[in-house]
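Read the structure below first, then the notes.
FYI, it's all coordinate maths here, none of it is from the lab. Keep in mind it's a predicted model, so treat the numbers as computed, not measured. Cβ: placed from backbone, ideal geometry, glycine included. Neighbour counts: every protein chain shown.
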Amino acid sequence: MAKLVLVVDDEASVREALTDVLETAGYRVETAAGGREGLEKIEKLSPDAVLMDIRMPGMDGIQVLEQARQKNQQVPIILITAYGSTETTIRAMKLGAFDYITKPFKLDELLAIVEKAVSTHDLAKKVNAGKPEKDGLELEEEIMIGQSPAIQAVYKAIGRIVDSNVTVLIRGESGTGKELVARAIHLNSPRRDKPFIKINCASIPETLLESELLGYEKGAFTGAGNRKPGKFELAHQGTIFLDEIGEMSPATQAKLLRVLQEKEFERVGGTETIKVDVRILAATNKNLEQSIQEGNFREDLFFRLNVVEIWVPPLRERKEDIPALAEFFLKKSAREFNKNVTGFSPQAMQLLMGYHWPGNIRELKNVCERAVLMAVGPVITTEEIPLSIRASREEISLRPERQDMSFKEIIADVERQVILNVLKEHNWNRSAAAQALKMSRSSLYAKMRELGIIS
């Protein structure tokens with residue numbers, strides 16, 4: 001069925017013109033003569049894209065966009081206006097507009113934006129397809145969140161390869177969500193109803209990894225009282241996800257290479273050849289090319305795994321996704337801990353947006369969980385944000401008074417400023433300050449003496 005585009009404009013001539021253009025291009029079109037009607041039709045029809053004028057009497061396009069996002073309507077909304085301004089553009093994009101175009105515009109430009117919006121919406125729905133929502137919230141682990149260009153590139157890569165059996169190497173820093181990418185590939189593939197088996201190669205001792213992957217026969221080694229199928233057998237006709245593949249020993253790498261090449265193996269201690277139909281997804285945060293040079297990773301295995309590579313961006317490269325991710329983790333934690341916490345203060349969100357997130361999404365999740373636990377009201381304030389994040393706002397090397405200091409003096413000055421800030425926040429209560437700094441009261445006292453805060 002053709003994709004549905006909703007056109008919202010208070011001028012009948014504009015609605016008619018856009019309808020003709022879009023229908024000629026193969027889209028189904030619905031129209032609304034104003035903002036309120038447009039918002040109702042967004043909720044009722046769930047269109048694939050919306051073309052909407054900004055300046056309309058009653059409820060304007062910005063208000064429609066804002067309310068649609070508050071109601072968790074994720075349809076891509078393209079705003080159109082003859083009165084473009086920097087302020088309006090920034091506000092529209094901050095509220096989550098898909099794009100913003102100014103009259104007069106070329107029809108091929110408009111159609112290109114609509115096609116991109118529809119395609120992106122379709123991919124996002126496909127990638128996020130998984131378990132149903134609970135309590136009206138998207139709170140399952142197997143979900144990817146974000147609309148930034150960096151994560152959209154990941155969505156598109158997933159969409160291109162889900163229907164094939166190609167082996168995929170998922171790369172990125174620790175905590176970026178590589179397992180979520182693997183799950184999204186599996187859940188949207190023809191193998192979705194078959195097993196998804198994951199194994200962390202770094203968490204299993206080298207001596208046991210082979211038997212975990214391939215299984216073993218009774219009596220194969222001390223303690224092998226019964227035959228046990230391995231992960232590859234359990235994943236037959238499904239998908240196996242090998243996380244931290246860079247930690248696998250060369251000996252086990254050789255066994256894995258055979259499975260990739262021949263689609264068969266023997267259990268440890270066995271002679272029966274077992275054939276399997278398994279799609280292999282692997283992930284690593286290591287530089288495998290460097291590991292190859294160092295002799296720690298097989299080059300032939302690398303080429304077998306790296307048929308398609310998907311790079312998962314670090315959180316610092318997709319900061320526009322932080323509010324949506326933080327809200328997701330907040331709602332999940334509030335439900336888990338049975339707390340009435342509903343959002344972040346603007347200042348708290350500003351701290352989250354300004355932090356560099358070396359631990360990526362995993363670190364953000366932990367911060368949100370802690371903030372919900374510590375919250376004393378329905379809104380998370382800066383008080384619930386960890387000191388490490390608050391302290392990161394402190395400029396270290398550019399302050400004029402530090403320009404002639406040595407590195408050791410700069411570090412001491414930063415430590416002094418952080419401790420003073422925390423003491424002030426807690427009305428100079430040393431026990432409370434020590435707790436906030438995650439150190440003992442005696443250690444804080446000693447550090448204060450060392451830094452000259454007290455004599």
Summing Lys, Arg as +1 and Asp, Glu as -1, what charge do residues with Cβ under 13 Å from the Cβ of residue 166 carry, residue 166 excluded?
+2
For region 149-311, give the magnitude of the charge dipole about the Cα centre (Cβ charges: +1 Lys/Arg, -1 Asp/Glu; no others), in debye to the nearest 20.
540 debye
Show me the trypsin sites (Lys or Arg not before Pro) within region 158-229 that DSSP assigns to loop and that have at most 13 other Cβ atoms within 10 Å of their Cβ.
218
Which whole-number percent is the relative contact order of the chain (Cα, under 8 Å, 6+ apart)?
11 percent
Between residue 17 and residue 353, what's the calculated FRET efficiency when r is the beta-carbon distance and R0 is 56 Å? Round to 0.05.
0.90
How high is the FRET efficiency between residue 207 and residue 55 when r is their beta carbon distance and R₀ equals 51 Å, given to the nearest 0.05?
0.15
Scan around residue 170 for amide H atoms under 5 Å from its own, H built in the peptide plane at 1.01 Å from N, and keep only partners 5 or more places away or cross-chain.
282, 283, 284, 310
Expected 222 nm ellipticity per residue - DSSP helices of 4 or more, -39500 (n - 2.57), all of the chain, to 500
-14000 deg cm²/dmol
Amide H neighbours of residue 224 at under 5 Å, excluding residues fewer than 5 places away on the same chain, with H built from the backbone geometry, are 219
Determine the sum of side-chain charges near residue 308: Lys and Arg each +1, Asp and Glu each -1, restricted to other residues whose C-beta is under 13 angstrom from that of residue 308.
+3
Computed label-point distance, nm, for sites residue 153 and residue 446 using a 7 Å Cα→Cβ extension:
4.8 nm
Could you give me the percent of Cα pairs per 10 Å distance bin for the chain, shortest bin first, beginning at zero and ending with the bin that holds the maximum distance?
4, 16, 21, 21, 19, 13, 6, 1, 0
Phi-based couplings in Hz for region 222-228 (Karplus 6.51, -1.76, 1.60; Gly and Pro marked x):
4, x, 7, x, 9, 5, 9
Give the relative contact order (percent, whole number) for region 317-450; include only Cα pairs under 8 Å separated by 6+ residues.
19 percent
Determine the dipole magnitude for the chain: charges of +1 sit on the beta-carbon of Lys and Arg, -1 on that of Asp and Glu, nothing else is charged, the reference point is the Cα centre, and the result goes in debye to the nearest 20.
1180 debye
Among residues other than residue 39 whose Cβ falls under 15 Å from its Cβ, what is the net charge (Lys/Arg +1, Asp/Glu -1)?
-4
If exposed means no more than 15 neighbouring beta carbons inside 10 Å and the site is in a DSSP loop, what's the longest run of the chain without any exposed chymotrypsin sites (Phe, Trp or Tyr not before Pro)?
222-427
Counting other C-beta atoms within 10 Å, and keeping those with at most 12, which DSSP coil trypsin sites (Lys or Arg not before Pro) do you find in region 1-80?
71
Rounded to whole Hz and in sequence order, give me ³J(HN,Hα) for region 244-250 from the Karplus expression 6.51 cos²θ - 1.76 cosθ + 1.60, θ = phi - 60°, writing x for Gly and Pro.
6, 4, x, 8, 6, 5, x
Along region 154-165, what does the Karplus equation 6.51 cos²θ - 1.76 cosθ + 1.60 (θ = phi - 60°) give for ³J(HN,Hα), rounded to whole Hz, x for Gly and Pro?
5, 4, 5, 4, 4, x, 6, 10, 5, 8, 9, 9
